[in-house]
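Heads up: the structure comes next, in structure tokens.
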Amino acid sequence: MILKKLREEVLEANLELVRRGLVLYTFGNASGIDRDEGLIAIKPSGVAYETMKPEDLVIVNLGGEIVEGSLRPSSDLATHLILYRAFGGIGGVAHTHSRAATAWAQSGREIPCFGTTHADYFHGPIPVTKALTPAEIRADYEANTGQAIVRRFAKLDPLHAPAVLVAGHAPFCWGKSPAEAAPVAVIVEEIAAMAFQTLTANPKARPISKHLHDKHFLRKHGDDAYYGQKR
């Protein structure tokens, strides 16, 4: 069995989505890439999380060809592949249909930064893609979903905004590893729920100032970040 460590990391990322209540039944998936080998480990399609083992994960190359595994890979594989090709700094992808974040995706609205919890993780709103055209849906739907994400990030840093809402669909999240991608999905769901509750409490709520947003993001992620302990 090749890429044993990566398989274990990807399995753990998938199980974290379950533990945090972000997936129902076999919804959602997580993957990870070994950049040196150019190989990806991804959840198999339609396999129950509670029975999944590291050897069940499917290993594919960046062309989508199965290198090892007897099961079919996730139906969202093509989307994951597009993201890995376009965003060279990411090492893991997590996709869920979590309730609050999916509601924002279905509404076609980005999530504004109403507070510092959001600002700690995203240097801007959580973006939303444009809706796919009928032609894009009919042919190569999953690949076109990935392309819609890439187009949305033409002027964005994917590591400063590590998630997107696919219009009418659901969130895709990522990180430098599978272990980082799954927590981003958890955080996106929390931010989505808080944003909805903020607008419920005050429909006229506005995003926080750029000064406060920058302060909270950069103290964690900037060159002069001082949050946490020195590494």
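No lab work stands behind these numbers, since they all come straight from the coordinates. Quick caveat: nothing in here was measured; it's all calculated off a predicted structure. Neighbour counts run over all protein chains shown; Cβ positions are idealised from the backbone, glycine included.
For segment 58-170, report the translational diffusion coefficient in µm²/s to the nearest whole number, using Stokes-Einstein at 37 °C, 0.692 mPa s, and a Kirkwood Rh over Cα pairs.
219
Checking the cross-link pairs Lys130/Lys204; Lys5/Lys155; Lys53/Lys176; Lys176/Lys210; Lys4/Lys215 against a 32 Å limit on the alpha carbon distance flags Lys5/Lys155; Lys4/Lys215 as lying beyond it.
Using the Karplus relation 6.51 cos²θ - 1.76 cosθ + 1.60 with θ = phi - 60°, the per-residue 3J(HN,Hα) values for segment 32-41 come to x, 10, 9, 5, 5, 8, x, 10, 10, 9 Hz, with x marking Gly and Pro. Taking only the Cα atoms of segment 18-61, the ratio Rg/Rh comes out at 1.01, with Rh defined as the Kirkwood radius.
Can you order the peptides 59-70, 185-196, 200-211 by their average number of other Cβ atoms within 10 Å per residue, highest first?
185-196, 59-70, 200-211
Each residue of segment 119-126 was assigned a 3J(HN,Hα) from its phi angle through the Karplus curve 6.51 cos²θ - 1.76 cosθ + 1.60 (θ = phi - 60°); the sequence is 5, 5, 10, 10, 8, x, x, 7 Hz, with glycine and proline shown as x. Its Cα gyration tensor gives the chain an equivalent ellipsoid; the semi-axes, largest first and in whole Å, are 29, 20, 17. In percent, rounded to a whole number, the relative contact order of the chain is 22, using alpha-carbon pairs under 8 Å and six or more apart. Taken over the Cα atoms of segment 93-136, the convex hull encloses 110 Å³ per residue.
What's the FRET efficiency of Met194 with Phe27 using the Cβ-Cβ distance as r and R₀ = 30 Å, to the nearest 0.05? According to the calculation, E is roughly 0.85. With the cut-off at under 20 Å, measuring from each backbone N in segment 1-41 to a point 7 Å along the Cα-to-Cβ line of His97 picks out 14-31.
Select from the chain the helices, each a whole stretch of DSSP H, whose alpha-carbon atoms run 15 Å or more along the helix axis and whose Kyte-Doolittle mean is at least -0.5; answer none if there are none.
178-201
The spacing between segment 88-152 and segment 19-39, judged by their C-alpha centroids, is 16 Å. With the highest mean first, a sort of the peptides 145-156, 91-102 on other beta-carbon atoms found within 10 angstrom per residue produces 91-102, 145-156.
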